[in-house]
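Notes follow once the structure below has been shown.
Bear in mind that the values in this text are calculations on the coordinates, not laboratory data. These figures come from a predicted structure and were not determined experimentally. So basically every Cβ, Gly included, is an ideal-geometry build from the backbone, and we count neighbours across all protein chains shown.
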Amino acid sequence: MKTHILISIILLFILALSTNLITGFRIPDLDHDPSTHFPNFTSFASSPWDYFKNFNGCQIGEQRNGLAKLKQYFHRFGYIQEIPISNFTDSFDDSFELALKNYQKNFNLDQTGILDDQTLQQIQQPRCGVADIINGVSTMNSGKTSSNSHGTKFHSVAHFSFFPGQPRWRNRRLTYGFLPENNLPDTVKLTFANAFNRWAEVTPLTFVQTEFYYNANIKIAFFSGDHGDGEPFDGVLGTLAHAFSPPNGRFHLDGSEDWMVDGDVSTSTLRSAVDLESVAVHEIGHLLGLGHSSVEESIMYPTIASRKKKVDLTVDDIQGVQVLYGSNPNYNGSIPSSTTTRSHQEREESNNGNGIYNLGLSYWAYSVFLVLVTILLV
Ligand SMILES: [Zn+2]
Ligand SMILES: [Zn+2]
């Protein structure tokens, strides 16, 4: 009998090793507790913004405890210009209603000016830390009316946007490097390479990894909390990452997120799992000079749900980046497929790469195996 149980356990152990259930990863150097080197099964999809659901139905003239926090949120993403934020009160005033209506417009919601259910759900979504309105100018072009060269007004179908002044890179060959202290495994680096490739396919730009982080055009780093640029990260979910406009090149990701590197993120056991490539493709858009878009399907839309993969450039993204850089001579005008062509070297890296997650899986499965065998023997 014991033999049967032992065989069953061994089979389960082999099965666990052969599946790819665990692909989450956290940056080891940022987590001092060794247990968090592996996926954090105790983390819930709670966000620093869950609190805002308490404001359901709130509208002009009302006073609600904590509404000042929501004003800070709107201030952070550019919808309220008032400074200092310590002056914010808990009253739903005219200026807050205006900010809310602008937010609703940018996110294609009914402009009710009320904190309705739809609006609050949108507000609580994990999102990019880059503001939607910069220096008072909305970078989201929802319903924008434009003029053509003949002075005729027309409703613009394009929703892509740029940073104020339309900054862009002068070089076509851009280097990127990873903060050495993060010690990222090759599989994570490959995810970034794939994300860069998606933009390289439609532009004349090329992206080359360099070992010289401090000299790279684009500097990629995972940080937790305050990391010295005035844009502190906020733990699990909330803001996920931010990047600066050209030619700054800083690209920061929140090291506290449960980043998923491969496998099907939609079936992750982690409710807080965030797809790394999806976020990387979005932030690279900023690094190239794109602002946020109101097109929900576009890569440059500011929010992304946890356990969602969104890596394909849409027409809106492609048109936007091609205004800045022109087209890749090999780009045939069709929407790139979801499968990015990898170089021979990248394929080799992928095949050989034994990242933290695989190591984590072996460690996890091995531990379970040992515990079960111990129980059996006792
Ligand atoms: Zn963004
Ligand atoms: Zn930062």
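Some observations on this one:
- The separation of the range 160-232 from the range 281-304, counted between C-alpha centres, amounts to 15 Å.
- In terms of distances greater than 27 angstrom between alpha carbons, the cross-link table entries Lys53/Lys105; Lys105/Lys308; Lys69/Lys310; Lys105/Lys310; Lys69/Lys219; Lys69/Lys189 yield Lys69/Lys310; Lys69/Lys219; Lys69/Lys189.
- Derived scalar couplings between HN and Hα for the range 88-99 equal 5, 10, 8, 9, 7, 9, 4, 5, 5, 4, 4, 4 Hz in order, rounded to whole Hz, by the Karplus curve 6.51 cos²θ - 1.76 cosθ + 1.60 (θ = phi - 60°), x for Gly and Pro.
- Amide hydrogen proximity for Ile134: with H placed 1.01 Å from N in the peptide plane, the residues at 5 or more positions away or on another chain lying under 5 Å are Thr139.
- Assuming charge only on the beta carbon of Lys and Arg (+1) and of Asp and Glu (-1), the dipole of the range 223-265 about its Cα centre is about 220 debye to the nearest 20.
- Residues in the range 300-317 carry Karplus couplings, in order, of 8, 5, x, 10, 8, 5, 5, 6, 10, 10, 9, 10, 8, 5, 9, 3, 4, 5 Hz; the curve used is 6.51 cos²θ - 1.76 cosθ + 1.60 with θ = phi - 60°, and Gly or Pro positions show x.
- Applying the criteria of a DSSP loop state and at most 15 other Cβ atoms within 10 Å to the trypsin sites (Lys or Arg not before Pro) of the range 184-282 yields Arg271.
- Ranking Phe222, Leu287, Phe251 by Cα position along the charge dipole of the range 169-291, where only Lys, Arg, Asp and Glu carry charges on their C-beta atoms, puts Leu287 farthest toward the positive end.
- Fully extending the segment from Leu98 to Asn328 would add 78.7 nm, taking 0.36 nm per residue of separation and subtracting the current Cα-Cα distance.
- Net charge of Cβ neighbours under 9 Å - reference Leu205; Lys, Arg +1; Asp, Glu -1: +2
- The range 225-267 shape via C-alpha gyration tensor axes, a/c threshold 1.5: oblate
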